[in-house]
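The block underneath contains the structure these notes are about, expressed in structure tokens.
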Protein chains: 2
Amino acid sequence: MVMNMECDVLVIGAGILGLSSAYHLKVRHPNKRVLVVERFGGPGQGNSAKSEGAFRNVFGSETNYLLADSTIDWFIHLQEDLGYDLKLAKIGYLWLFSEKQYSHHSEALEKIRSRGVDLAVFKRGELSGKIPDLVVDFEGDEEAELLGLEPVDFGVLGRKCGSIDADSLVRCYEEMFLKLGGEIRYGVEVKRLMLKPEVELGLPGEPFIWQDVHVAGAETSRGEIRAETTIVAAGVWSGRLLEPIGLDPFMRAKKRQIFTFKDPRLKGLFQVEGLNEHGVLPFTILPKAGVYFKPELTEGSVWLGCADNLGRRFGLEEDPQPEEEYYTNNIYHVLVKYFPCFRDLRPVNMWAGQYSINSLDQTPVVEALAPDLIYVGAASGSGIMKCDALGRITAALYAGEKEAELYGGKRFRVSDIGIERRNVERESFII
Amino acid sequence: MVMNMECDVLVIGAGILGLSSAYHLKVRHPNKRVLVVERFGGPGQGNSAKSEGAFRNVFGSETNYLLADSTIDWFIHLQEDLGYDLKLAKIGYLWLFSEKQYSHHSEALEKIRSRGVDLAVFKRGELSGKIPDLVVDFEGDEEAELLGLEPVDFGVLGRKCGSIDADSLVRCYEEMFLKLGGEIRYGVEVKRLMLKPEVELGLPGEPFIWQDVHVAGAETSRGEIRAETTIVAAGVWSGRLLEPIGLDPFMRAKKRQIFTFKDPRLKGLFQVEGLNEHGVLPFTILPKAGVYFKPELTEGSVWLGCADNLGRRFGLEEDPQPEEEYYTNNIYHVLVKYFPCFRDLRPVNMWAGQYSINSLDQTPVVEALAPDLIYVGAASGSGIMKCDALGRITAALYAGEKEAELYGGKRFRVSDIGIERRNVERESFII
């Protein structure tokens, strides 16, 4: 069945950035026809719902801070005031550092604190007291020496940080968008963007180099959709749409994996007093090898990942698969030294998704890359936790405004995360 | 035949950036073993020798100016003092502008002039007088109106600009490098970079996430080459080497084509007085559609190209082909309006290459992307005209110096065109 359609705004992708953008567009332009198309059968089925589902306002860059902090406030508003169950739990982020690492980060931490970000620092003894499962030093442990493990001298706790269910979040935006009269078509795959002359002559070979061109919508698996404005929010797949018409998505795709655990031996991680109101271990980042995990309260499970950078290939994969041996032969050896409670445990579940990484500054991009085309993407692994701000900025760019108003009232210069007049700090606080 | 080898510096790619870097490394470190490997059978056979072969010091960005201006001085030195025949001809660059375009660029031009760049401005009448073949206005021409052609109100002539033979240039660097005792192996294809642990344990699955890693050389079609430092200078193919180990080449590949013409009807282009010492038309950029061409003095031919941006796909092609109909159905219609001497002419030759485009700031990248790995690339179509400065900067980065000394003595902060502390202006003067 072919459904040739017209709309005011076509949003490509019902992932978190597409839905947040569509929702904020519809809020601001209730009479515009806003249509979201998505090749999968439901919201967030690309990579959004595969996310670890963690949020933090602890970033070195002011831009990243503003994007995330206002989005977190919005999450809390959605759950506490509007009653959406996002399974949000402010369990905190806990960075475990050696003395050397702590001192390396001290300047960035000072800057972060000066913004009013709620940070607490714990010394080794306090950490040991609160987290009996944690091993803080490895003196005399030859294996740990071989592994080059850093001892735990400090813990930095970000309190306005925690865990959220990414799937519930995309469904929340979907529901709010539909309530406003927005339209979504699932199972519709965009084949290509339509680059058309402003004045179509109907000649073969158009557009010619002498014609002014614009993006006039998209050809999809279900027919042509003409749109006054097209928004590409297709995550790691954005390059497939942008590159054929000569546009750069400013990102490359990289696989990340999540391994989950559920075992009585991990119960100590759910019984940690004094670090958050839930009495559990915060989302915790080990001092070595980019390993991190969080207790997932609703399931009583632990979700674990690893920030594999150098050595982990860039490249779009259609169906990225988790590698159990990546856990067992690699992550495990580091993890079990710091948290021996994981000894001999195997993941009960695992999956893989892809990050859309902007290697230059690890900050998202919102830009009108061509006439009548807006791109929102390159979220670099923090699309969930910045989604609301990015949706508002996209809506502001659509409206032709120089500044977006983020949730809570702070203003954000739209061109700062554009390309043409990009003005962001490089992120110093990467996991 | 397998040739397992060791060297101090392995340079991947005998294109212009690889050879310039190798030459400057060898100049500075005569006792180091510097080895260049190249999959093609000779120098510059990837894209360098396919270049239009034009140079200019007229750039909006200070960085681009410094890179190009010092490289041009070096070209002149090579040809005039050292006797290398680079077929260099300072024929100038001539931008043809409408009143509106001229005024749009006036601020950038003022800035360029304030650096001491030799610019002359000609008004319509002067241009008509000097270039009888040029049509400067289209009043009453309905076809021109349909094409949206801009009239020619001004010509901006950059005098320290012109034409050079890219093939002669790469061969010049090759010769100088070999004379110093540098080594080149042609027909050797690099399969992958070797990412190894600093301390190799010989365990299957290395490197593990807990190991410190570095690039230890490359696996090639002819065996393993171990190197203390590896320099990736593989142009548009750099991503094939970098991406598998999780590094970003900060560029995407885009095809550009050249069409050449040789016909008595074009003789007027070789008889233009008062714009350069050669008495020919400068390298000329039309006010519409990014069409440019140069008289090629040694051949008596005209080389023509088109800066096709939006609409021309990004994507690495193994063997990009020129499209004659791109000329005949597209470029031709614009060209023949400004220069009717091209009427009914067909190209006598044509070819295509690929640009390695950094869409963010159109400026090259020189950075140590990983331990013992340096990347020089993303030259964005001006690798030839910036090659010498880029080679010197690469050599300075290798030597651990904060500043490179460019030819002529100006100093350039190496980190400015790196990634970590990148500090470049966006280029405002793009063809």
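The values are calculated or read from the model by the stated rules, or taken from the named source; none is laboratory data. All of these numbers come straight from a predicted model, not from anything done at the bench. Methodologically, a virtual Cβ is constructed for each residue, glycine included, from the backbone with ideal geometry; neighbour enumeration extends over all protein chains shown. Quick note on the areas: whole protein, heavy atoms, side chains included, nothing else; ligands and nucleic acids left out. Shrake-Rupley method; radii C 1.70, N 1.55, O 1.52, S 1.80 Å.
Mind counting the residues in region B:234-261 that are over 21 Å from the mean Cα position of the chain (by Cα) and buried (at least 20 other Cβ atoms within 10 Å of the Cβ)?
The qualifying residues number 4.
Restricting to region B:193-222, name every residue that is touching a Ser or Thr at 6+ places or on another chain (Cβ under 9 Å) and either under 30 Å from residue B:85 (Cβ atoms) or not β-branched (Val, Ile, Thr) (or both).
Across region B:193-222, the qualifying residues are B:193, B:194, B:216, B:217, B:218.
Test each condition in (1) within 30 Å of residue B:30 (Cα to Cα); (2) out of contact with any Leu (no Cβ under 7 Å at 6 or more places or on another chain); (3) open to solvent by 20 Å² or more (accessible area, probe 1.4 Å); (4) part of a strand (DSSP E or B) for residue B:350 and report the one that comes out false.
(1) is the only condition that residue B:350 fails.
Can you give me the number of residues within region A:139-183 that are farther than 24 Å from residue A:303 by Cα, within 14 Å of chain B (Cβ to nearest Cβ) and of a type in the set (Asp, Glu)?
Of the residues in region A:139-183, 4 are farther than 24 Å from residue A:303 by Cα, within 14 Å of chain B (Cβ to nearest Cβ) and of a type in the set (Asp, Glu).
Would you point out which residue out of B:264, B:282 is surrounded by fewer than 16 Cβ atoms within 10 Å (Cβ to Cβ), modelled with pLDDT of 95 or more and more than 14 Å from chain A (Cβ to nearest Cβ)?
B:264
Filter region A:311-321 down to the residues that are touching a residue at least 24 places away in the same chain (Cβ under 8 Å) and within 17 Å of residue A:290 (Cα to Cα), then identify the one that is least open to solvent (accessible area, probe 1.4 Å).
Ranking the qualifying residues of region A:311-321, first place goes to A:312.
Looking at residue A:363 and the list (1) crowded, with 18+ Cβ neighbours inside 10 Å; (2) at negative phi; (3) facing chain B (nearest Cβ under 10 Å); (4) outside any strand (DSSP E or B), which single condition is not satisfied?
Unmet condition: (3).
Is it the case, given these coordinates, that residue B:403 is open to solvent by 10 Å² or more (accessible area, probe 1.4 Å), farther than 30 Å from residue A:366 by Cα and either without any contact (Cβ under 8 Å) to a residue 40 or more places away in the chain or in contact with a Cys (Cβ under 9 Å, 6 or more places away or on another chain) (or both)?
Yes: the conditions hold for residue B:403.
Only residues that are within 14 Å of residue B:127 (Cβ to Cβ) and aliphatic (A, V, I, L, M): list them for region B:263-278, please.
Passing the criteria: B:269, B:272, B:275.
Inspect all residues belonging to region A:408-415 and state whether any of them is open to solvent by less than 20 Å² (accessible area, probe 1.4 Å) and in contact with a His (Cβ under 8 Å, 6 or more places away or on another chain).
Among the residues of region A:408-415, not one is open to solvent by less than 20 Å² (accessible area, probe 1.4 Å) and in contact with a His (Cβ under 8 Å, 6 or more places away or on another chain), which makes the answer no.
Since residue A:344 meets every condition but one in (1) in contact (Cβ under 8 Å) with a residue 40 or more places away in the chain; (2) out of contact with any Cys (no Cβ under 9 Å at 6 or more places or on another chain); (3) away from every other protein chain (no Cβ under 11 Å), which condition does it not meet?
The number of the failed condition is (1).
Considering each of A:140, A:116, A:129, A:125 in turn, give the residue that is without any contact (Cβ under 8 Å) to a residue 60 or more places away in the chain, farther than 19 Å from residue A:428 by Cα and either hydroxyl-bearing (Ser, Thr, Tyr) or in a loop (DSSP other than H, G, I, E, B) (or both).
A:140
Residue-by-condition table, conditions (1) among the polar types (S, T, N, Q); (2) part of a loop (DSSP other than H, G, I, E, B); (3) out of contact with any Asp or Glu (no Cβ under 6 Å at 6 or more places or on another chain):
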| position | (1), (2), (3) |
| --- | --- |
| B:42 | no, yes, yes |
| B:46 | no, yes, yes |
| B:77 | no, no, yes |
| B:103 | yes, no, yes |
| B:107 | no, no, yes |
| B:110 | no, no, yes |
| B:121 | no, no, yes |
| B:133 | no, yes, yes |
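Of all residues in region B:223-254, count the ones that are more than 23 Å from residue A:253 (Cα to Cα) and touching a Gly at 6+ places or on another chain (Cβ under 9 Å).
Residues meeting the conditions: 7.
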